[in-house]
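Enquirer: Once you've had a glance at the structure underneath, I'll fire off some questions.
Taken together, the values in this text are just the output of simple stated rules run on the coordinates, not laboratory data. Note that the coordinates shown come from a computational prediction; the quantities given were computed from them, not determined experimentally. We place every Cβ from the backbone using ideal geometry, glycine too, and count neighbours over all the protein chains shown.
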Amino acid sequence: MKHKILFCVIAFCLLLGSAVFVGAMPIGSEPDQRQNADSDELSFTSPHLTIKYSPNIRLRTVNKRLSLYFRDFVLDRKRPRKFENDEIEIAFKLNKIRRKVMSILDMRPPEMKISVKIFKNQNELDNFYYSLFHSSNTRRIISFYIHSHKTIYTTERAISSELIAHEMAHAVLRHYFRVRPPTNVDELMAQYAETHLHD
Ligand SMILES: [Zn+2]
């Protein structure tokens, strides 16, 4: 596996119980960018996905880390030659990953809308982890999906297309099945989606 250390730990989903997803962002549509008045968190949205991030995040870096070398992206004739800004390109890429994961799993849950929260670094993610579970992230998990939040959490440093595909698969599975699959099955299917992202 490319991501030996990438544990979405579906157990988290078990602990917190509970759904999203990322949808197709119409090409050329501007993500709605805003700042939450109650925090330093920034965000931008597309029809099926909201991207939230710490203000000190470098979106250029995030954008570069999301490589999409698979056929239906490279050969997408509707793909703009140049994106207006990183927000639009990131939303476009994440949506492509969402659609590819759904295609790989052959599962297309309707009404799935999720968020991706990007922390600046592992310390920020670990602090958030502690606030959720009241225990330290001793396994140094670099990403996870919380179904009750309908959110994928990761960091600027860790984010990649494969990581998002893996976590996105967990989101799709949780939305698709009325009864959550066994943990091992869930994890195997997420790894399958990650592995075949670039097919
Ligand atoms: Zn996982």
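Enquirer: Along the charge dipole of the range 41-199, which of Ile51, Phe128, Ser143 sits closest to the positive end, that is, farthest toward it, with unit charges on the beta carbon of Lys, Arg, Asp and Glu (+1, +1, -1, -1)?
Expert: The listed residue farthest towards the positive side: Ile51.
Enquirer: Still on this structure, please answer the following. With θ set to phi - 60°, apply the Karplus curve 6.51 cos²θ - 1.76 cosθ + 1.60 along the range 123-134 and write out the HN-Hα couplings as whole Hz, x wherever there is a Gly or Pro.
Expert: Once rounded to whole Hz, the list reads 4, 5, 5, 5, 5, 5, 4, 5, 5, 7, 10, 6.
Enquirer: Which pairs in the list Lys52/Lys93; Lys64/Lys96; Lys82/Lys117; Lys100/Lys150; Lys78/Lys120; Lys64/Lys93 are over 22 Å apart, alpha-carbon to alpha-carbon?
Expert: Beyond 22 Å: Lys82/Lys117; Lys78/Lys120.
Enquirer: Between the range 84-117 and the range 119-149, how far is it from one alpha carbon centroid to the other, in angstrom?
Expert: 22
Enquirer: Another question, if that's okay. Between Phe133 and Val179, what length comes free when the chain is fully extended (0.36 nm per residue of separation minus the Cα-Cα distance, one decimal in nm)?
Expert: So the chain would gain 14.2 nm between Phe133 and Val179.
Enquirer: Using amide H atoms built 1.01 Å from N in the peptide plane, name the residues 5+ places from Phe119, or on other chains, whose amide H lies under 5 Å from its own.
Expert: Under 5 Å from the amide H of Phe119: Thr154, Thr155, Glu156.
Enquirer: Can you work out the FRET efficiency for the pair Arg108 and Arg79, with r the C-beta to C-beta distance and R0 = 22 Å, to the nearest 0.05?
Expert: 0.55
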